[in-house]
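**Q** Dropping a structure here in structure tokens format, bear with me for questions.
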């Protein structure tokens, strides 16, 4: 039974030929209540027979992925979504999902969990524009191009370029306020960050940071200047055709930078290890004693009879590897301490209850996605992560391709890496059981003792 799989496609057809029963719950308008009580009583059908039960639970807000259960004698769940997921992992049920379905469950758990903390604050949509005056800013490291556009008259009031200096920018914005009224400012997200955004917000000036992928571009437009870009930002922003990004606060932005720094160091460490390994192989040496970069491998590679110049090259690689490993461990210790703050603790523990999500993956998803409830539906989250299929349809011709891979690369990589854990036989390791005990979801009724057949495995 553990070798059988369920199709993770849009239609959810089971690949196996086992007898199944499909139970579909009627849509319930209130999401939290749809996850408890009546929905569970209407959906969960346990019997003493050894056949499986295939359950599809639908509500107006989401479509839950397929669960396949074997009778375990469990009758009571306070939250069907959270505990069906964790119970299936802990009990050893055959439960295989892909990254898109796993993303739906992540959205479901974090968006509906009652013990959400600082990061799980209610997301509010931006209010409608109260002023017809719009300012587009094309921001660079040294200069900023401004364009002031009046949406009522359709006129460009002013266009100019200023040095990227806050004193001059503030003076210019003050003059615009005195002469024309309160402006609505925007600029394109870039490596310049959110410093200007926070400075304008502190002055009480409305400002949005625009996602570069949402800016329309005509294929025949081959002329690009700073003034043209500022003009395009102002006019499209006034027309409501641009999508602003969600700007994190300074603390979460710093935490996100630390998580990304650790990920960058891990990438550099991996490439350095590969270069050292290729260098040794080019000299005719190959290690056959087990895994690379184990203690035995490190002892072997330091005793190779190389020439003096090759020894210098190899030692340079090994010193760099040692330094990078120390830095990665240091950053991981700092991140582990930061995860214990009240702002992150509960959410990290909830995410860590999923099999395949450790501390670093939980912090990556938390810092990259922020308030996950800003996505009204899991499909929006999957589109943001680039996990939806591409499509090129024209007339009667329908062509669908691979996933789009747009949006946040760091979160998509973490989610895909986690989904691969569900392609193997489910096991409940000692580390996973410890994360279950630390999770605030334990108040929902997860059995306190692991199943008798649950054996320790490697780190999940």
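What follows draws every value from the coordinates through simple rules; no lab data is involved. Only a predicted model underlies this, so the values are computations on that prediction, with no experimental measurement involved. Please note: Cβ atoms are built from the backbone with ideal geometry, for glycine as well, and neighbour counts cover all protein chains shown.
**Q** If you split all Cα-Cα distances of the stretch 250-343 into 5 Å bins from zero, what percentages do you get per bin, shortest first?
**A** 2, 11, 20, 19, 14, 10, 9, 7, 5, 3, 1, 0
**Q** Which order do peptides 258-266, 325-333 fall in by mean Cβ count within 10 Å, highest first?
**A** Highest mean packing first, the order is 258-266, 325-333.
**Q** Also, quick follow-up: Peptides 176-182, 229-235, 399-405: what's the order by average Cβ count within 10 Å, highest mean first?
**A** Descending mean neighbour count gives 229-235, 176-182, 399-405.
**Q** Same structure again: Working out 0.36 nm times the residue gap between residue 341 and residue 307, then minus their Cα-Cα distance, what length gain in nm do you get to one decimal?
**A** Contour length minus Cα-Cα distance gives 7.0 nm.
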